[in-house]
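Notes to accompany the following structure.
We did not get these values from a lab; they are worked out from the coordinates using the rules stated. Since this is a predicted model, take the numbers as computed values, not measurements. Note that each Cβ is placed from the backbone with ideal geometry, even for glycine, and that neighbours are counted across all protein chains shown.
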Amino acid sequence: MESDSSDRRAVSAATTGSEEVEATAEVFRTLGMARRLQIMQLFLHISETLCGCEIADILELEDYQVSRDLSALRKAGLVESQKRTGTWIHYQVCSDPSPTSARLLDLVRQLPLTRRVDGRLTMRLAFRERAGCVLGVGDPEVLAALDRATNTQLLTILD
């Protein structure tokens, strides 16, 4: 009888360990794409939510790419949706990541943003009204502001 109990505990521990290994592998697979790693860098360098259109503008990506990447990051337990405004969903770093994910996020947090991405992040957040995203990808106001920035002192930040 006692050996059955210990066998069940061993199987249970092996299953739990296997699940942790699978979850950790999923996080590594997710962060293995440079785009997703860059998206996580954005979240970890600010203390605010980001909407998909903001991420697309900052990283100069298409909406569908960002949407797909955010979905993978959410599935891996790295980000969570915070609020929905119309068609836009605002995301933030997961408030309760697994211990393994938390350690990996600490490593990602230490990676510096490129000067260009840091400059675009700063500019994009400055476009917000009342702490909310108001301009979408390809919006003429965003594009004009970014064009103007190339002719000002921000040129050194963005290049």
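So the values come out like this:
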quantity	calculated
Listed peptides 20-26, 76-82 by packing density, highest first (mean Cβ within 10 Å)	76-82, 20-26
Packing-based exposure ordering (other Cβ within 10 Å, fewest first) of LEU37, LEU107, LEU50	LEU107, LEU37, LEU50
Rounded to the nearest 20 debye, dipole of segment 2-112 from Cβ charges on Lys, Arg, Asp, Glu	140
Total formal charge among the other residues, if their Cβ is under 13 angstrom from that of GLU60, Lys/Arg +1 and Asp/Glu -1	0
Fewest-first sequence of MET123, MET40, MET33 by Cβ atoms within 10 Å of each Cβ	MET33, MET123, MET40
Segment 2-112 - Kirkwood radius from inverse mean 1/r over Cα pairs (Å)	15.3
At R0 = 25 Å, FRET efficiency that the Cβ-Cβ distance of SER67 and LEU125 yields, to 0.05	0.80
Residues GLU20 and SER47, FRET efficiency given R0 of 30 Å [Cβ-Cβ distance, rounded to 0.05]	0.55
GLU80 paired with ALA102, simple spin-label distance in nm, labels 7 Å along Cα-to-beta-carbon	1.4
